[in-house]
Each structure stands twice: as C-alpha cells, then as structure tokens.
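Below is one structure; the comments refer to it alone.
Just so it is clear, none of the values below were taken in a lab; they were calculated from the coordinates. Keep in mind that what you see is a predicted model, and the values were worked out from it rather than measured. Glycine also receives a Cβ, built like all others from the backbone with ideal geometry; neighbour counts cover every protein chain displayed.
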Amino acid sequence: MNEVLVIIPTYNEGENIVKIIESIFTIHQDINVLVVDDNSPDGTSSKVKEVIPNYQNKLHLITRDSKMGLGTAYLKGFSWAINKNFEYIISMDADFSHNPSDILRLYNSCVDEKNDVCIGSRYIKGINVVNWPLQRIILSYFASLYVRLITGMRIMDPTSGFVCYSVKSLQNLNLSEIKFNGYAFQIEMKFKLFLKKSVLTEIPIIFTDRKFGKSKLNGSIIGEAVFGVISMKLKSFFS
Ligand SMILES: Nc1nc2c(ncn2[C@@H]2O[C@H](COP(=O)(O)OP(=O)(O)OP(=O)(O)O)[C@@H](O)[C@H]2O)c(=O)[nH]1
Ligand SMILES: [Mg+2]
C-alpha cells in the first residue's frame, strides 16, 4: 500500500497519537501516515517527532502555528499528498474512534470495486456506535437524516470522518473552494464530490467513543453544519 497516505489531524491527542501510529503500522508496514498537528499545547507534535525515526520515512508531520480547524488541516494534508503523488488518501481521527483494521476494507472498496470514495459508515446496518452518550447518537443520527433530506445524497453517514478518497476524484474538485472547517467539512467534501458525479459508497464500521483526550465538538461546529448544509444546497442551484 505504498500509494496510500493516511492523514490524521490532531489537536491535543498526546495520549492517543503514538498508539494509533503504532497500531496502523503494525497492520500495514508499507503505508504512509501524515499527522497534521496544530501546535497542540499538550506536545502532540513532539511525541510524533520522537517516533519518526522508527518508521523509515513513512511517518510524516506537519505542524501548523495554531489551532485552525479540522477542515484546513485536511486540505493541507490533501495538497501535500497530491504533490507527493499518492493515489489514495484515508482520513481518520487520532482517538481510536476509527479502527485501523478497517483501513484495508475502505481501500479495497476503492481499488477492487472501482469506487472513487468509500465512507466508513456507522448507520448502514443499524447504529454501530460504541460508548457514545445517547444525546450524541441522536445528534449524529438526525444530522445524517437532515443532510440526506436537504442535499439529496443517498449517504447514510455523511458526517463520517473515516473515508478513503481516490486522489483522482479530489483532483476534480477545486479544493480552494472548500469552505467549512468542522463536521460540515466532512459533509461538504461528500457533497462536492457527489455534484461532480464521483462514485461514493459506504461500508459498515463500528465507531467507538474516545477513551483518552477531549472531544472538540462545540456549538459553533454544530451551527456551521446546520446552516452550512442549506447554504451549500442553495449555492449548488447556481453553479
Ligand atoms: N489539526 C487539527 N486537528 C483537529 C482540530 N480539531 C479537531 N482535530 C482532530 O480531528 C480529529 C477529529 O476531531 P473531531 O471530529 O472534532 O472530534 P473529536 O475531537 O474526536 O471529538 P469526539 O469524537 O467527540 O471525541 C481528531 O483527531 C482531533 O484531534 C483542529 O482544529 N486542528
Ligand atoms: Mg473523535
């Protein structure tokens, strides 16, 4: 899987980052991993730097000056991957909500079944979420329903952050036009790819709540998603 780059954005993931890196490389020795850290006060970047020599040029780090949001962290990672000629990008969280064992299933769906994008989905076979408080499940489930209704995409988990993108499909987008930065970023990516007629598919995954570190979800991230989805849909009529 030399042509695959896993991108992990991090903010204060010091308790998770080294473990998730180890766990990815234990399963896939030939994959590449890029951490995009926003100068986390807990020293996430220095923890990554310490282990870089253990992974023979397969572990990479970009440290930005300050917390600038998940969306721009991914965009930074996407352009890095495109410059380095990777063919597939896996986006995933640092907090073990996404199981590294599912990376191969996402990748195979793109390569073997010729999908442009494969989404790790919590909601295609019931509700596969472990240890989330009920209000979080309800919020996420109804957010998915809302996005489906407004956008018309038949995707059960449009806010999922565990995704395999073919770089070719990303090159069809104007990435500088991606505007949203929180969960709405995940929705916007899927919607823009859907408008470009990319083939998006979903496979079931089990999502597990983080054991270490803190959630970065807040009211403004939810607000951005609620209004962002409507504004994206309206703009799509004019473009
Ligand atoms: N570089 C960077 N990474 C971020 C930022 N905000 C969140 N992240 C990382 O993005 C990944 C997903 O974060 P979120 O989707 O906000 O969710 P979370 O913080 O994991 O929250 P829970 O899943 O509720 O625990 C995690 O690895 C975070 O550390 C940010 O501003 N900059
Ligand atoms: Mg998380």
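Looking at the chain, what % of its DSSP beta bridges pair antiparallel, to the nearest 5? Antiparallel bridges: around 25 percent, rounded to the nearest 5.
Using the Cα gyration tensor of the chain, with a ≥ b ≥ c the square roots of its eigenvalues, what is the shape: rounded (a/c below 1.5), prolate (a/b larger than b/c) or oblate (neither)? Rounded, because the longest to shortest axis ratio a/c is under 1.5. This model, with +1 at the C-beta of Lys and Arg and -1 at the C-beta of Asp and Glu, gives region 4-238 a dipole about its Cα centre of some 600 debye. Summing charges over neighbours of Phe185, with a neighbour being any other residue whose Cβ is under 11 Å away from its Cβ, gives +1 when K and R count +1 and D and E count -1. The distance between label points at Lys214 and Lys179 comes to 3.0 nm (points 7 Å beyond Cα on the Cα→Cβ vector). Taking 14 Å as the cut-off, the amide N atoms of region 97-124 that come nearer than this to a point 7 Å along the Cα-to-beta-carbon line of Lys19 belong to 97-100.
Remark: region 69-82, residue by residue, has Karplus-estimated 3J(HN,Hα) of x, 5, x, 5, 5, 5, 4, 4, x, 4, 5, 4, 5, 5 Hz, where x stands for each Gly or Pro and the curve is 6.51 cos²θ - 1.76 cosθ + 1.60 at θ = phi - 60°. By other beta-carbon atoms within 10 Å, ranking Phe96, Phe191 with the fewest at the front produces Phe96, Phe191. Evaluate E = 1/(1 + (r/R0)^6) for Thr26 and Ser66, where r is the Cβ-Cβ distance and R0 equals 30 Å; express this FRET efficiency to the nearest 0.05. Step by step, r from the Cβ atoms, then E = 0.40. Between region 97-159 and region 182-225, what is the separation of their alpha carbon centroids in Å? Rounded to whole Å, the Cα centres lie 8 Å apart. Between Ser46 and Lys235, full extension at 0.36 nm per residue minus the direct alpha carbon distance yields a gain of 63.9 nm.
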